[in-house]
1. Could you please give the count of residues in segment 144-177 that are among the basic types (Lys, Arg) and either out of contact with any Leu (no Cβ under 8 Å at 6 or more places or on another chain) or surrounded by fewer than 16 Cβ atoms within 10 Å (Cβ to Cβ) (or both)?
2. Which one of these is of a type in the set (S, T, N, Q), at negative phi and part of a helix (DSSP H, G or I): Ser172, Ser199?
3. Taking segment 76-119, which residues are surrounded by 15 or more Cβ atoms within 10 Å (Cβ to Cβ) and in contact (Cβ under 8 Å) with a residue 60 or more places away in the chain?
4. Of all the residues that make up segment 206-243, how many are in contact (Cβ under 8 Å) with a residue 24 or more places away in the chain, in a loop (DSSP other than H, G, I, E, B) and open to solvent by less than 10 Å² (accessible area, probe 1.4 Å)?
5. Hey, does segment 189-201 have a residue that's out of contact with any Asp or Glu (no Cβ under 7 Å at 6 or more places or on another chain), among the aromatic types (Phe, Trp, Tyr) and in contact (Cβ under 8 Å) with a residue 40 or more places away in the chain?
6. Before we move on, is Gly264 farther than 20 Å from Ala176 by Cβ and assigned to a helix (DSSP H, G or I)?
7. So which residues in segment 244-261 are open to solvent by 70 Å² or more (accessible area, probe 1.4 Å) and assigned to a helix (DSSP H, G or I), if there are any at all?
8. Can you give me the number of residues within segment 59-75 that are farther than 16 Å from Leu34 by Cα and surrounded by 15 or more Cβ atoms within 10 Å (Cβ to Cβ)?
Amino acid sequence: RGGDFHWPPAVTLPWPRTLRAADHPATTRYIYLLAATQLCGFLGTFGHVRSQAGRDPLEVTKADIERFQVWMIETRSASTALNKHKSLQQFYSWLVAEEELDVSPLARVRQPRKKKKLIPIIGADQTRKVLDTCDRRTFAGARDEAIIRMFANTGARLSEVADLKIDDIDMSLDTALYHGKGGKDRRVRFGPKTGRALSRYIRMRSQHRAAQLPHLWLAEKGAAHLSDNGIQMMLRRRGQAADVEHLHAHRWRHTYAHEWKRAGGDSGDLMVVLGWSSDEMARHYGASAAAERAQETQARLRIGEDV
């Protein structure tokens, strides 16, 4: 549905082509197109006062955008409304660049304020419980153990692990080549346990009916690769089986940043390892565990206990 516009095709159809030409990932293109489609649908359904805006994106005003954001906040969340705002900025910036508009209707619209949600880290005991659900004698068990260990051992994004190709793994050097955001590649090391899990899975993979595919992770059945959505669903199932709530890949990424800082690791090196271009991300990912580190320091310093 994200690419099915109801606005005039002469205006909207070139935009997906522009996004593809700029080599935006498919997920990013979908998010951008979905936001524009949702705005169009909102104005067509609830915009009876300004019904013209529901038929032509060039007729959309600042007030239309603000009403759409209010609706998003009330029916979804402030976080979702912020994502839609950023996506629509891309759409209307493109229309301005194409000289279809002089000024974007979002030019004077404030971004929704997003509440900072602390993502809890995942302890080693919880990760062990999840790994214990993987029967490494089976294809799915060996594959899932290798995926989970890649998240826990390298702190990678979901998309980075999902997009791995078989040639991205160098078993002689124990490294993986991740394809990060913005076309930024980086090579990271993995440890012995992760290496053994990968080696076990790759041996089983060589006997799979889809072994000729370039993708590292293959679906258990059929001749297809395991997508990022498939990995999300797998983690949800493993989390339920292990009685670990809210299991998702980003929890290991936050945990990785926490353990790095806890060990006194350099923030600049952490940025390189996790593929960040801004130190703001280093602060954000450390926030959920900052209180725990502060309490550990407080207990170690024993301030006020020697009186």
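The values are calculated or read from the model by the stated rules, or taken from the named source; none is laboratory data. Here the structure is a predicted model, which is why all the values come from computation and not from measurement. Because the Cβ atoms are built from the backbone with ideal geometry, glycine has one as well, and the counts that use them run over all protein chains shown. Ligands, DNA and RNA are excluded from the accessible area calculation, which covers all protein heavy atoms including side chains. Shrake-Rupley method; radii C 1.70, N 1.55, O 1.52, S 1.80 Å.
1. Number satisfying all stated conditions: 2.
2. Matching residue, one of Ser172, Ser199: Ser199.
3. Across segment 76-119, the qualifying residues are Phe91, Trp94, Leu95, Ile119.
4. Qualifying residue count for the region: 2.
5. Yes, there is a match, as at least one residue in segment 189-201 is out of contact with any Asp or Glu (no Cβ under 7 Å at 6 or more places or on another chain), among the aromatic types (Phe, Trp, Tyr) and in contact (Cβ under 8 Å) with a residue 40 or more places away in the chain.
6. Against the criterion (farther than 20 Å from Ala176 by Cβ and assigned to a helix (DSSP H, G or I)), Gly264 does not qualify.
7. Glu259
8. 6
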